[in-house]
Amino acid sequence: MLTACGSTTTQTTTTPTSSPETTASPTETPQTTTPSPTDTTQTSSTTEGIIFKEPVKNQLNGYMDALNNSSKTTQTIEAGKPIQLSGWAIAPDLSQPAESVIITYGDTNTVITTIPVSLNRPDVAKTFKKPALEKSGWVAKLDPASLNLTGNTAKIKAWSYNSQTKEAYPLNNSFEIVLK
């Protein structure tokens, strides 16, 4: 079942990758860049070279469906238990699946991992009437210890990512985890 759908505006294209479900851990990301003061495309924070874009009204880049197979947006997680996230992600111009998804936590978008987008999501292709979007699904498994949380809670977000432009577009939905 498709969780969310909508229309988008053309912004960039990506090349899909193919890989099975991925177990994630913190990964190295691109070098830090400083946005030019005259560059109006810099609409959000830049972390380690990634340009995190602000949400655009009526633009859908994907959806984070579930945390540990539940759509409940706030969940208590045992510190030693793995966290599983799943969803779908597409390029902002709707032409193909996103290249990859970045998982972040906190208000500063601390990167946890980057994972490939390649799992079957026929519901997405059917909803958008675009067969090219069928492999837009993704799943990430995280070790809560890898989050290095300063407190007990964290807001987890997912982003459609284009490594060539280093632009990350927010997926709809986020989850708050409470570690116990």
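The values are calculated or read from the model by the stated rules, or taken from the named source; none is laboratory data. Not measured: the values here are computed from a predicted model. All Cβ positions, even for glycine, are placed from backbone atoms using ideal geometry, and neighbour counts span all protein chains on display.
Residue count for the range 134-173 under the criterion of being within 19 Å of residue 94 (Cβ to Cβ) and of a type in the set (Val, Ile, Thr): the result is 1.
Within the range 87-110, the set of residues being assigned to a loop (DSSP other than H, G, I, E, B) and not polar (S, T, N, Q) comprises 91, 92, 93, 94, 98, 99, 106, 107.
Taking every residue in the range 87-111 that is free of Cβ contacts under 8 Å to residues at least 12 places away in the same chain and pairing it with any residue that is of a type in the set (A, V, I, L, M, F, W, C), at least 6 positions away or on another chain, yields no pair with a Cβ-Cβ distance below 6 Å. Among the residues of the range 111-161, those that are assigned to a strand (DSSP E or B), among the charged types (D, E, K, R) and either at pLDDT 95 or above or over 20 Å from residue 50 (Cβ atoms) (or both) comprise 141, 157. In the range 151-180, the qualifying residues are those that are touching a residue at least 24 places away in the same chain (Cβ under 8 Å) and of a type in the set (Gly, Ala, Ser), and the one that is farthest from residue 62 (Cα to Cα) is 154. All of 84, 59 fail the test of being in contact with a strand residue (DSSP E or B) (Cβ under 8 Å, 6 or more places away or on another chain), surrounded by 12 or more Cβ atoms within 10 Å (Cβ to Cβ), modelled with pLDDT of 85 or more and not in a strand (DSSP E or B), apart from 59.
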